[in-house]
Structures are given as C-alpha cells and as structure tokens.
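Written out below as structure tokens is the structure these notes cover.
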Amino acid sequence: TPRVFSGIQPSGGLTLGNYLGAIKRFVDMQDTGIETLYCMVDLHAITVWQDPAALRRQTRELAAGYIAAGLDPAKSLLFNQSQVPEHAQLGWIFNCVARMGWMSRMTQFKDKAGKNRENASLGLFAYPALMAADILVYHATHVPVGEDQKQHIELTRDVAAKFNHDYGVDFFPMTEPVIEGAATRVMSLRDGSKKMSKSDPSPASRINMTDDADAIAKKIRKAKTDPDALPSEAQGLEDRPEARNLVNIFAGLADMKVDHVLADFGGKQFSDFKPALIDLAVSKLAPISTEMDRLMQHPDEIDRILTKGATRARQIAAPILAQTYEIVGMVGPK
Ligand code: ATP
Ligand code: MG
C-alpha cells in the first residue's frame, strides 16, 4: 500500500525553497487519499550546532508553517522526529548496513562539512542513514522532496536493498522520490548557482515564510538578474540561471507551467516582471505568515498536535521496528 513520508529540519526559518519544493507539495499529496506522514526532523537539525532555545522555537515555528500552509493534522500525521524513538533505533541498525564509502560520496555532506571535515560531527556524516530510517520505519513508498535530496533517497534504496539482501528477506520497500513541479530547486536570490537554504548566512539570499510584504518586495527587487528581456520559451533560460530562477518561482507560486509564464512575459523586462512577481509572492505568502503568527501565540496547542501525531506515528513504526529486530536476531520479550 502506498504511504507518503517527508520531513523538514527545524534548522532555521522556513524559506520559499522549502515551501515550493516541499510543503506546498506535501499539502497537495495530503488530499489524494493516500496516507501522509510529515515530520519535523529535529535529530537531523542537531548534526550542526543548534542553540537549544532556538531549536525549540524553530520546531514550533515549523509546525506552525506546515499548518498555516494547509497541512491538516486530521488528515496527515504531523510530529516531531525525536518523539518517535523508533527513528533513531532503526537509524542505528542502518548505520551498520550503510557503508562508509556511500556516505563519503554524499554531496550534502561535502557541502556542509566544507574544508574542515575532521571537525564535522559524526552525525552529519551518518545523516543519510537516519534519513533512510525516517522513511523506512514506516515502509513509506513515496517521498516528496526537492531536487537536492534525490541522492539521499537513492541511498535509502541502497540501504533497503542491502538489508533485504544481507538478511535474505523482502522486507523494506524501494522508495520512490517524488520531485515534481516548476520549483524543485529554488536558487539563492543573490547567486544563481547556489541553492536557497535556511542555513545560508546571507538573509538577502532567501525569502522567509515569516517575511512581511515589505521584506518580500525588497528582496525580489534586489534579486540578481541580467540585463536582457525575458525569452518567450523555456529554452532561452538555459544559460540565465538568475532569470530562470525567478521564472520558476513565479510558475511554482502560480501553479503554472514555465512555458505559460513565458507566454505572458516573453519580451518583457525585469522592471515589468519583478513587480508582478512581488504581487504574486505577497498574495500567496502573506496569508501564510499571518496564520503562522497567530498559531505561534498558542505553543501549547502546537505541542498537543505534535504529541498526538507522534502517538499515532509510533503505532505504525513500533511493529516495523520489532520485525526488524526479529530479522536481525535480537532477543526480545516473548
Ligand atoms: P538546511 O540549509 O538546514 O539544510 P534547507 O533549506 O535545505 O535547510 P531542509 O530541511 O534540508 O531545508 O529540506 C527540507 C525540504 O525542503 C527538502 O525536501 C528539500 O529538498 C527542500 N528544499 C530545501 N531547499 C530547497 C530549495 N532551494 N528548492 C526546493 N526545495 C528545497
Ligand atoms: Mg537541506
């Protein structure tokens, strides 16, 4: 049976990239009738240093972001990774299945560890094994993610295949990444070759879900572009990363195909396109940030929703973990 799982790290404020690449699509999948589980992956967030008070706030803010964007806790399970200990427990088993060489090839590790690899946390290196556990502890079949997570989903499949092979079972499914839409890789507004990220040191590089109309307008007005008019076909964007990024963002926010956006704006200058993009972004994002603010006034309510979600998630995860232990040969209660 199909089951959807995905997660976002409470490692900073939500960005437009997280919204278009992840949350907006989580909401779309929630309404297909398939079982959906969405997570705040706080155990992943601490692979790089997080101030405890900030982590707590960011986790609740992320939950508020999910709900404000349309995630309905009555339809989707919404919870915090650390409240479902089965993730970390299966993560350990997968640390023993995954190989050092696989992890060394992960581009996210190389990017985040930077030059000083000796000083990166062991958790940052092992991150993809825990991510495989996040997914497979529910036997999830589909994982909506942005383009940057494709390599980790491939590794999840490698872990499942090696586990099944080593133990001679057909237990973990081959999970499919779901990378769809016009904005699967939103780029930095300052540098068209860099992904927009929560953790980018430059606030001007990203639009945050909590930005007000003025901040959104300012950042788009200042976004890097080139001097040419927009082309009338997607092909004309190939060597223009900044222009392509803004067109993709427009298409993602408007739920339009890139070709349709260019049919409207081909031949126009950025001085025409940017104000239209600002109007669109403000009209889509401002109501979400207003609702996030409202929800953040009721942290106890958020915590209650997360506790409920975690209880239901454990009901799925616990028997799968127990079966895994049995397969591996751990002696347990009779
Ligand atoms: P960090 O910089 O801490 O890694 P992040 O912004 O990359 O933060 P994640 O929590 O790592 O956010 O990713 C959550 C989801 O958002 C993933 O599915 C990821 O693919 C997606 N995502 C992140 N950034 C982008 C982006 N720029 N464009 C599209 N999707 C994105
Ligand atoms: Mg990331």
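In the range 133-155, how many are assigned to a helix (DSSP H, G or I) and within 15 Å of ligand 1 (Cβ to nearest atom)?
Of the residues in that region, 11 qualify.
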Residue in the range 160-179 that is farthest from ligand 1 (Cβ to nearest atom), counting only those that are under 14 Å from T141 (Cα atoms) and touching a residue at least 40 places away in the same chain (Cβ under 8 Å): F171
Out of the range 170-214, which residues are farther than 20 Å from K284 by Cβ, within 16 Å of ligand 2 (Cβ to nearest atom) and of a type in the set (D, E, K, R)? K194, K195, D200
Considering only helices (runs of 4 or more DSSP H) wholly within the range 224-334, the ones with at least 3 residues that are out of contact with any strand residue (DSSP E or B) (no Cβ under 7 Å at 6 or more places or on another chain) and of a type in the set (D, E) are 270-296, 299-328
If a residue has to be part of a loop (DSSP other than H, G, I, E, B) and over 17 Å from the mean Cα position of the chain (by Cα) to count, how many in the range 199-209 make the cut? 2
Selected residue [within 16 Å of ligand 2 (Cβ to nearest atom) and within 24 Å of S197 (Cβ to Cβ)] from G12, G91: G12
Residue hits (the range 174-193; at pLDDT 95 or above and in contact with a strand residue (DSSP E or B) (Cβ under 9 Å, 6 or more places away or on another chain)) are T175, E176, P177, V178, I179, R185, V186, M187, S188
Going through S205, S199 one at a time, which residue ends up being over 20 Å from V27 (Cα atoms), in contact (Cβ under 8 Å) with a residue 24 or more places away in the chain and within 16 Å of ligand 1 (Cβ to nearest atom)? S199
Hey, A243 hits all of (1) of a type in the set (G, A, S); (2) away from ligand 1 (no atom under 16 Å from the Cβ); (3) modelled with pLDDT under 95 but one; which does it fall short on? (3)
Residue check for A182: in contact (Cβ under 8 Å) with a residue 40 or more places away in the chain, of a type in the set (G, A, S) and outside any helix (DSSP H, G or I): yes
Which numbered condition R185 fails, given (1) more than 8 Å from ligand 1 (Cβ to nearest atom); (2) surrounded by fewer than 18 Cβ atoms within 10 Å (Cβ to Cβ); (3) not small (G, A, S): (1)
Among the residues of the range 271-286, which ones are touching a residue at least 24 places away in the same chain (Cβ under 8 Å) and surrounded by fewer than 21 Cβ atoms within 10 Å (Cβ to Cβ)? K274, A276, I278, L280, V282, K284, A286
Filter the range 156-169 down to residues that are in contact with a helix residue (DSSP H, G or I) (Cβ under 9 Å, 6 or more places away or on another chain) and in a helix (DSSP H, G or I) and give me whichever is farthest from ligand 2 (Cβ to nearest atom). Y167
Any residue in the range 65-78 that's on the phi > 0 side of the Ramachandran plot: show its pairings with residues that are in a loop (DSSP other than H, G, I, E, B) and at pLDDT 95 or above at Cβ separation under 7 Å, as long as the two are six or more apart or on different chains. none
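The values are calculated or read from the model by the stated rules, or taken from the named source; none is laboratory data. In this text the structure is predicted, and so the values were computed from the model without any measurement. Don't worry about glycine lacking a Cβ; one is built from the backbone with ideal geometry, like all the others, and counts go over all protein chains shown.
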